[in-house]
Amino acid sequence: MSGASGRVLVVDDSKVIRQLIRVNLELEGFEVVTAADGAECLDLVHRVCPDVITLDVVMPRLDGVQTAARLRADARTSHLPVAIVSACTPYEVDAGVAAGVDAFLAKPFEPSALVRMVRRLMHPQDPPSVDGRHGAGRAGSPAG
């Protein structure tokens, strides 16, 4: 997997959504590891060392916003780019921003938008893309 563009940890309680995201990212050269909920994500994150994490919001055991908050609170994972891939209701976006989420992608999404978002999170020094849907991020993060 030395040719992979990077490793993404995809967290969603829907097996179908996990597979959809996995296939679209693998087609673009990413290595993908999946988890079924936030608790599994926290168990896996130190072993798989992802470059980016995508989180659904509504999941059993530990939801995406709580997972993002725990990732931010842990010095070993506080630097990892985290994206919410969910319905992106106003509550989810507000709670996600408060938890330190870097980007949001509303379901249903275009596969190309998913790939753009992951690439942008993996390479924040690149010029920002202008898709109009993203841009919510952590306050005080460096502006490249």
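The values are calculated or read from the model by the stated rules, or taken from the named source; none is laboratory data. Just so we're clear, the structure is a prediction, and the values are computed from it rather than from any experiment. Neighbour counts run over all protein chains shown; Cβ positions are idealised from the backbone, glycine included. When the accessible area is computed, the model is the full protein with side chains, heavy atoms only, and any ligands, DNA or RNA have been set aside. Shrake-Rupley method; radii C 1.70, N 1.55, O 1.52, S 1.80 Å.
Can you tell me how many residues within the range 17-53 are polar (S, T, N, Q) and touching a Gly at 6+ places or on another chain (Cβ under 9 Å)?
Selection size over the range 17-53: 0.
Take the range 50-76 and flag every residue that is of a type outside the set (A, V, I, L, M, F, W, C) and free of Cβ contacts under 8 Å to residues at least 12 places away in the same chain.
Correct list: 74 only.
Listed by first and then second residue, the pairs with beta-carbon distance under 8 Å, at least 6 apart or on different chains, first residue in the range 81-109 and without any contact (Cβ under 8 Å) to a residue 12 or more places away in the chain, second open to solvent by 60 Å² or more (accessible area, probe 1.4 Å), form an empty list.
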